[in-house]
Structure formats: structure tokens, C-alpha cells
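Note sheet for the following structure.
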């Protein structure tokens, strides 16, 4: 089979799954107009998450408990990503700076790697620190990563690297580009859909945190 056709098929499959996941999320969107309108989907009620066992860039255990009592913004990707990941991380950095200037409540920003083989803790630490020292990088066993990815209604597929094939050390990932917002009760509260921009992200985060912190 032609490799280009195969790659197109993988991308289309990923898009189809992402659309399905988005539909499932949209199906629980509250329709009475009370929840904030954002560039994405607000879940009402929010989706509860079950525990998971991952490790941050400092090799500290990271599970459901580390999501509680704070807002968290999660992006799923990998450090070898050529475009989507660095672009999204840069937008989050810019949004973070603007939020601090506005004296907004700052979320815990998390970069969840789907490439545990290459994204070891030290490399992951250097990657997130480049954007902001407060950002958290997560890695761990593939089964635990997949557990959390699935709970966040995200998907990813391994794709061919520069050689045109999926080799041991030469591969890419097609993956969801959404930003996932988790509330202080460790529940999935909202999904910001791509393409992202800092103004839309700051506006959405301000609306959501103000609305739910008052409840």
C-alpha cells in the first residue's frame, strides 16, 4: 500500500475518533445558557476522573491527589513533536504571562507525554522549563498514560518518521491538540479545542474559574 495513502488513513482515523470524542463531550454540555461560553466545550456536570500513577519531571509520584485543590490545564503531546506541541506550549506560556499580569488565578499547567520511551524525566524537565519553570511534565508506564489519555477523551496514533516508516527510534505521533481543564475536585470541567490563541484561552479560563469558584 502507498505510504502516503496509509498516513492519510491514519490521520483520517484519528480525526474521526477525535470528532466522536468531541461529540460525546458536547452531548453533556448544559443548554440553559448559564455556563460560560468558551472556545470549546464546558462540561456540566464535570466528568469524574479515576486515579492514575504517573511521575513528574522531578521523578515525584503524580496521581489524582496532585490535581485536587487547584485548577489544572493539561496538554497531551511529546517533546519530539515538530509543530503542534511547541506552538501550543508557547501559547500557554503567553497566556500564563497575561494571566499573571491580570492577577488571575493561575492554573497548574501540565504537559503529559505520550512517548515515555524517549521522554525521560530529565528531558521532559528541560522541555517544560524552557516554556515556564512552573510547568509540570508527566511521564510513566504506557498503560498509565493511556489510562489518563482515555479519561480525557483524547487519542493518539504512532506515525511514520522522516524515513517514511515507523522505526525503533524514528517515528512521530498524530495526536489530539485540545487543552483539557480539570477543576479543583479533579474532574474534567472543560475542553479548549484547537486552534488555540492566547486571548481566547485567557478569556475562557477567566470566565470558567470566576463562574465555578463562586458556586
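Remarks
- Here is the figure for the range 131-178: residues that are under 16 Å from residue 83 (Cβ atoms), at pLDDT 90 or above and not in a loop (DSSP other than H, G, I, E, B) total 7.
- Of all the listed residues (157, 188, 205, 138), the sole one being within 17 Å of residue 93 (Cβ to Cβ) and touching a helix residue (DSSP H, G or I) at 6+ places or on another chain (Cβ under 9 Å) is 205.
- Sub-6 Å Cβ pairs linking a first residue in the range 167-194 that is free of Cβ contacts under 8 Å to residues at least 40 places away in the same chain to a second residue that is in a strand (DSSP E or B), at least 6 apart or interchain, are 171/158, ordered by first then second residue.
- Among the residues of the range 125-143, those that are surrounded by fewer than 19 Cβ atoms within 10 Å (Cβ to Cβ) and closer than 19 Å to residue 52 by Cα comprise 141, 142, 143.
- Enumeration of residues in the range 48-78 that are in contact with a helix residue (DSSP H, G or I) (Cβ under 8 Å, 6 or more places away or on another chain) and not in a loop (DSSP other than H, G, I, E, B): 54, 55, 56, 73, 75, 76, 77
- Test: residue 181 is in contact with a helix residue (DSSP H, G or I) (Cβ under 7 Å, 6 or more places away or on another chain), modelled with pLDDT of 95 or more, surrounded by 15 or more Cβ atoms within 10 Å (Cβ to Cβ) and under 27 Å from residue 63 (Cα atoms): yes
- Set side by side, the residues 65, 94 differ, and just one is surrounded by 14 or more Cβ atoms within 10 Å (Cβ to Cβ), more than 16 Å from the chain's Cα centre (by Cα), at pLDDT 95 or above and at negative phi, which is 94.
- Counted residues, the range 91-126 - those being touching a residue at least 60 places away in the same chain (Cβ under 8 Å) and either assigned to a loop (DSSP other than H, G, I, E, B) or over 19 Å from residue 154 (Cβ atoms) (or both): 12
- Residues in the range 184-206 that are surrounded by fewer than 19 Cβ atoms within 10 Å (Cβ to Cβ), in contact with a strand residue (DSSP E or B) (Cβ under 7 Å, 6 or more places away or on another chain) and in a loop (DSSP other than H, G, I, E, B): 184, 193.
The values are calculated or read from the model by the stated rules, or taken from the named source; none is laboratory data. Being a predicted model, the structure only gives us computed values, none of them experimental. All Cβ positions, even for glycine, are placed from backbone atoms using ideal geometry, and neighbour counts span all protein chains on display.
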